[in-house]
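The values are calculated or read from the model by the stated rules, or taken from the named source; none is laboratory data. On a predicted model such as this, the values are computed, not experimentally measured, just so you know. Neighbour counts run over all protein chains shown; Cβ positions are idealised from the backbone, glycine included. Just so you know, the surface numbers come from the protein's heavy atoms only, side chains and all, with ligands and any DNA or RNA stripped out. Shrake-Rupley method; radii C 1.70, N 1.55, O 1.52, S 1.80 Å.
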Amino acid sequence: MVRISSAGASRKRKKKVFRQAKGQFGQRKNRFKQAIRSVIKGMAYSYRDRKVKKREFRALWIIRINAACREEGISYSRFIYGLINASIEIDRKMLAELAVSSPEVFQEIVKKAKENQCAKIPVEA
């Protein structure tokens, strides 16, 4: 029986790993064992950080909204409470964008939130 070599499949597997390890420092890019470790670790980090990125952006938006609210003389929590009472449904990303790019529009929203601060939250059945 003829011996079948697996060189083609092995080379293809190694090329794939080295392609993914491109840009790594030192021997991580050109030694197979280190490259495998590095690629697996990198993929784990990228999976985790796709989730972390969402958290970090939401925190950034809240910081920007809070800073803009403080300039108008209202805290972030009271502002959000006023928006809920006024039935204004704008997400934090858009509020942060308005606070940075067009402060006059944001001032109007803050004014609406201040007016509706004392109102009761509507209960949905």
Quiz item: Within the range 58-71, can you find the residues that are among the hydrophobic types (A, V, I, L, M, F, W, C) and open to solvent by less than 100 Å² (accessible area, probe 1.4 Å)?
Solution: 59, 60, 61, 62, 65, 67, 68, 69
Quiz item: In the range 34-43, is there at least one residue being touching a Lys or Arg at 6+ places or on another chain (Cβ under 7 Å), under 30 Å from residue 19 (Cα atoms) and not hydroxyl-bearing (Ser, Thr, Tyr)?
Solution: yes
Quiz item: So is residue 85 in contact with a Gly (Cβ under 6 Å, 6 or more places away or on another chain) and touching a residue at least 24 places away in the same chain (Cβ under 8 Å) or not?
Solution: no
Practice problem: Identify the residue in the range 5-57 that is within 30 Å of residue 96 (Cα to Cα), of a type in the set (D, E, K, R) and open to solvent by less than 100 Å² (accessible area, probe 1.4 Å) and, among all such residues, is farthest from the chain's Cα centre (by Cα). | Solution: 49
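Considering each of 67, 44, 96, 59 in turn, give the residue that is assigned to a helix (DSSP H, G or I), of a type in the set (Gly, Ala, Ser) and touching a helix residue (DSSP H, G or I) at 6+ places or on another chain (Cβ under 7 Å). Don't jump to the end; show me each part of the working.
Values: 67 fails: touching a helix residue (DSSP H, G or I) at 6+ places or on another chain (Cβ under 7 Å); 44 fails: touching a helix residue (DSSP H, G or I) at 6+ places or on another chain (Cβ under 7 Å); 59 fails: touching a helix residue (DSSP H, G or I) at 6+ places or on another chain (Cβ under 7 Å).
None of the other options fit; the residue is 96.
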Quiz item: Which one is farthest from residue 115 (Cα to Cα), of the residues in the range 70-93 that are within 19 Å of the chain's Cα centre (by Cα) and outside any helix (DSSP H, G or I)?
Solution: 91
